[in-house]
Amino acid sequence: MEKIKIILRPYYYWLKHRYDLYRNFYTDLKIFKKYALVFNVNSLHHKEADLILNYHSLEKGMLFKDMKKGFAAYRIINLHKILEDSTLQRNITRSQIRVGYEVMCKYYELHSNKNWDISDFYTLEQYKAYKKILGASYSCEFSGVYDFTREAFYANINFSNFERFAYSRKSIRDFTGEKIEEDILRKVIQLANTAPSVCNRQASNVYLVEEKKKIDSLLEIQGGFVGYTEHVEQLLILTNNREYYYTIGERNQFYIDGGIYLMNLLYALHFYKVANCPANWGKEAKDDKAVSQIVAIPESEKIICMIPIGICKDEFRTTLSLRRDSWENFKKLK
Ligand SMILES: Cc1cc2nc3c(=O)[nH]c(=O)nc-3n(C[C@H](O)[C@H](O)[C@H](O)COP(=O)(O)O)c2cc1C
């Protein structure tokens, strides 16, 4: 009997691993379907996420000094619908909801200061209503962007003061077009490699793309960098290698380790004064396939993020990207 058990054991595990994999992915699928914004817009969190998605697009539009009249009008139309929701209005003390109304007011003011008529999609009455909802929180000083000089931006990169360092990092989307030397990039990666990983497996890889045509094609697939690609001459692609994960429980570990590495990489880039902006790779299989036709990334590796890098201009803008207050996301469990 013992002998049969020993012979059958590999077959048992062969079957069990496959069954467990499907069962776990199926459970993930069901839970994702039940809660993700893509299928539901019912809860406060869904509504807040929808609001952030749309208002952040306006912030990004505000980065351009020669602003276009009526930019991102479809976002404004979305936001009117989102902002009339009474749940959001009742939760105006939440930072992301407040700043949503603030960015909307700013959008109106930027247009009225230039005497641009946008009443076909954003009326004075709507603007006044948003100001009223903001009440005492409204300030005409509010700005959806930060203006920096290069000198001021890098004044706090002394890593020994982590608090100042972390607050000083920002995503930069506007580069001079000059390339970062490979030696500096090697130092960046060496520093980023201090990231912790599960059992120290260190499954992250960083690929450098420097061919402009390829960069443009990759960012076109990426889709979230439209309007900022002109001076992107170097692109990093962060991947995490599935070959390092050995249990069904680890089926999502590459996102965790990849995410931790990404954060360390962003800090390392900032430390070496390499301007950068992570570019989302929340994509489908067909997009990974399209990438593989442009650059040779092994199939075993999951793309975690693309990161356009460069040197920032002497003066530049970043989005405000207001952060939550800690009461919103620090909760004591009973
Ligand atoms: C994983 C990830 C993906 C992102 N994707 C994009 C993107 O596609 N396009 C973009 O302009 N910014 C992108 N960002 C930048 C965020 O908008 C930015 O990090 C956020 O607004 C906070 O601002 P800060 O980085 O300046 O502090 C991404 C950030 C992360 C972490």
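For segment 162-213, the set of residues classified as away from the ligand (no atom under 16 Å from the Cβ), in a loop (DSSP other than H, G, I, E, B) and charged (D, E, K, R) consists of 178, 179, 181, 201, 210, 211, listed by residue number.
Of the residues in segment 102-124, how many are more than 13 Å from residue 62 (Cα to Cα) and of a type in the set (Lys, Arg)? Adding up the residues that qualify gives 1.
Here's the yes/no breakdown for (1) without any contact (Cβ under 8 Å) to a residue 12 or more places away in the chain; (2) within 14 Å of residue 308 (Cα to Cα); (3) assigned by TED's automatic domain parsing to the domain that holds residue 271:
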{"residue": "163", "(1), (2), (3)": "yes, no, yes"}
{"residue": "175", "(1), (2), (3)": "no, yes, yes"}
{"residue": "181", "(1), (2), (3)": "yes, no, yes"}
{"residue": "188", "(1), (2), (3)": "no, no, yes"}
{"residue": "194", "(1), (2), (3)": "no, no, yes"}
{"residue": "205", "(1), (2), (3)": "no, no, yes"}
{"residue": "208", "(1), (2), (3)": "no, yes, yes"}
{"residue": "225", "(1), (2), (3)": "no, yes, yes"}
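Consider segment 214-224 and keep the residues that are outside any loop (DSSP other than H, G, I, E, B) and more than 19 Å from residue 255 (Cβ to Cβ). The one that is nearest to the ligand (Cβ to nearest atom) is 219.
Listed here are the helices (runs of 4 or more DSSP H) enclosed by segment 248-334 that have at least 3 residues being without any contact (Cβ under 8 Å) to a residue 24 or more places away in the chain and either within 11 Å of the ligand (Cβ to nearest atom) or within 30 Å of residue 20 (Cα to Cα) (or both): 285-292.
The values are calculated or read from the model by the stated rules, or taken from the named source; none is laboratory data. Everything numeric in this text was worked out from a predicted model, so none of it was measured. Methodologically, a virtual Cβ is constructed for each residue, glycine included, from the backbone with ideal geometry; neighbour enumeration extends over all protein chains shown.
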